[in-house]
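A quick write-up on the structure given underneath.
The values are calculated or read from the model by the stated rules, or taken from the named source; none is laboratory data. Remember, predicted model here, so these are calculated numbers, not experimental data. FYI the Cβ positions are ideal-geometry reconstructions off the backbone, even for glycines, and counts take in every protein chain you see. Heavy atoms of the whole protein, side chains included, go into the accessibility calculation; ligands, DNA and RNA do not. Shrake-Rupley method; radii C 1.70, N 1.55, O 1.52, S 1.80 Å.
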Amino acid sequence: MPEGDSVLQLAQRLQFMSGREVTQTSVRVPRYALANFDGLTCERVWPYGKHLFMQFGEEILHTHLKMEGTWAIHYAGDRWRKPGHSARVVLRLAHQPRDIEVVGHWLGMVEVYPLSHYWDRIGHLGPDILADDWDEWGRQEALSRLLERPERSIGAALLDQKIVAGIGNEYRAEACFIAGVHPAANVGDVDAERILDISRKIMWANRNSPIRVTTGVKRAGETSYVFGRYRRPCRRCGEKIEKSVLGGVDAGGDEGELERIIWWCPHCQPAPEGYVPLPVDF
């Protein structure tokens, strides 16, 4: 599941694009089908939270992986490893002896706009939790935004990209467990600052790792505390991990908020008073 660390690693893989000229452009999204970067140089590639940006001349290509998106790299003319109908962006870049083809498959969002519009387009996002200057500005700003609504559940708030950009469901689950906090607990009833610091710490530790590890153990099946471990024993107390859903517009969440799975240990993360978990059948 793409989270901020996945997009950071993707941006690092695509750094070879910088300084290369685009020889062919195909944006297979109707609104931007006429976008053309041919003859332009890729100035840079960078992430912000879960978003990926590429600059060509004075134009920005802005994409988001959502749940299924991925980028593939081939020599031009080689057979794609994924179906052609899934391609949303195809870029050929100058390279000897053959051009390199960069293909964005199943991208959840594709936008093209002038560089001058960049800050307007990301202005709604909170600080990037994996930014190098997090401690200088981002941490305090994210904490301030988090505390603005003390009645909101900490689980929903952590996934709100307007508060802090980059945290996804896996890190939300693990940070809440490490903090001993149930995801449904109100922001005002928990140590929100500590949870934010834990989120940054575990994501920063994994920013260059192909395998997400929050337990400190890299062995298969032992990398997480609660995420994806429904009905399995808690690594701390042995109680069986529970799961339910949290958030969503139908449950009174913000507009655009998605209902997401939560996992927790009923002993290590006591549920808030009056909390009734919704049953899930998957």
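Any idea how many residues of the stretch 33-59 are open to solvent by 30 Å² or more (accessible area, probe 1.4 Å) and more than 24 Å from the chain's Cα centre (by Cα)?
Matching residues across the stretch 33-59 total 8.
Please state which of the following conditions Val22 fails to meet, knowing it meets all the rest: (1) surrounded by fewer than 16 Cβ atoms within 10 Å (Cβ to Cβ); (2) farther than 30 Å from Ala142 by Cβ; (3) touching a Phe, Trp or Tyr at 6+ places or on another chain (Cβ under 6 Å).
(1)
Does Leu158 satisfy the condition of being out of contact with any Lys or Arg (no Cβ under 7 Å at 6 or more places or on another chain), assigned by the TED database to the domain that holds Gly180 and at pLDDT 95 or above?
Spelling it out, it is not the case that Leu158 is out of contact with any Lys or Arg (no Cβ under 7 Å at 6 or more places or on another chain), assigned by the TED database to the domain that holds Gly180 and at pLDDT 95 or above.
Could you look through the stretch 60-70, keep only residues that are at pLDDT 95 or above, more than 19 Å from Asn36 (Cα to Cα) and not aliphatic (A, V, I, L, M), and pick out the one that is surrounded by the most Cβ atoms within 10 Å (Cβ to Cβ)?
Gly69
Examine the stretch 94-112 for a residue that is in a helix (DSSP H, G or I), on the phi < 0 side of the Ramachandran plot and either out of contact with any His (no Cβ under 6 Å at 6 or more places or on another chain) or at pLDDT below 95 (or both), and state whether such a residue exists.
Within the stretch 94-112, not a single residue is in a helix (DSSP H, G or I), on the phi < 0 side of the Ramachandran plot and either out of contact with any His (no Cβ under 6 Å at 6 or more places or on another chain) or at pLDDT below 95 (or both).
Given the conditions (1) surrounded by fewer than 16 Cβ atoms within 10 Å (Cβ to Cβ); (2) closer than 21 Å to Arg145 by Cα; (3) at pLDDT 95 or above, report the number of the one that Asp254 does not fulfil.
Checking Asp254 against (1) surrounded by fewer than 16 Cβ atoms within 10 Å (Cβ to Cβ); (2) closer than 21 Å to Arg145 by Cα; (3) at pLDDT 95 or above, the one that fails is (3).
Has the stretch 239-251 got at least one residue that is part of a loop (DSSP other than H, G, I, E, B), open to solvent by less than 70 Å² (accessible area, probe 1.4 Å) and basic (Lys, Arg)?
There is no residue in the stretch 239-251 that is part of a loop (DSSP other than H, G, I, E, B), open to solvent by less than 70 Å² (accessible area, probe 1.4 Å) and basic (Lys, Arg).
So Leu278 fits all but one of (1) touching a Ser or Thr at 6+ places or on another chain (Cβ under 7 Å); (2) of a type in the set (A, V, I, L, M); (3) open to solvent by less than 80 Å² (accessible area, probe 1.4 Å); what number is the exception?
Among (1) touching a Ser or Thr at 6+ places or on another chain (Cβ under 7 Å); (2) of a type in the set (A, V, I, L, M); (3) open to solvent by less than 80 Å² (accessible area, probe 1.4 Å), the lone unmet condition for Leu278 is (3).
Looking at the stretch 173-202, I want the residues that are surrounded by 15 or more Cβ atoms within 10 Å (Cβ to Cβ) and have a partner that is charged (D, E, K, R) with Cβ atoms under 6 Å, at least 6 apart or on another chain. Which pairs are those?
Matching pairs, first to second residue: Ala179/Arg194; Asn186/Glu151; Val187/Arg152.
Please determine whether any residue of the stretch 128-144 is assigned to a loop (DSSP other than H, G, I, E, B) and open to solvent by less than 10 Å² (accessible area, probe 1.4 Å).
Within the stretch 128-144, one or more residues are assigned to a loop (DSSP other than H, G, I, E, B) and open to solvent by less than 10 Å² (accessible area, probe 1.4 Å).
Among Arg98, Arg152, which is open to solvent by less than 50 Å² (accessible area, probe 1.4 Å), of a type in the set (D, E, K, R) and either touching a strand residue (DSSP E or B) at 6+ places or on another chain (Cβ under 6 Å) or touching a residue at least 12 places away in the same chain (Cβ under 8 Å) (or both)?
Arg152
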